[in-house]
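Derivation of every value follows stated rules applied to the coordinates shown; laboratory data play no part. All figures in this text were calculated on a predicted structure; none of them were measured in a lab.
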């Protein structure tokens, strides 16, 4: 299962869901975002911070 992972402390969080499916990482306007499986026009959000850094999507 794909999770959000903190590279500094190892904390893992489940990926948020949108439209009943897990979001994925995609570059939008040169920034990494979490995006709905239906595309960024349906839903997008910032990648959460942990230990003052963006978390990494690991699968």
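Brief remarks on what is shown
- Whole-number percent relative contact order across the chain, with pairs defined as alpha carbons under 8 Å at least 6 apart: 37
- q = 0.12, 0.31 Å⁻¹, segment 3-58: log10 I(q)/I(0) [Debye, one scatterer per Cα]: -0.26, -1.24
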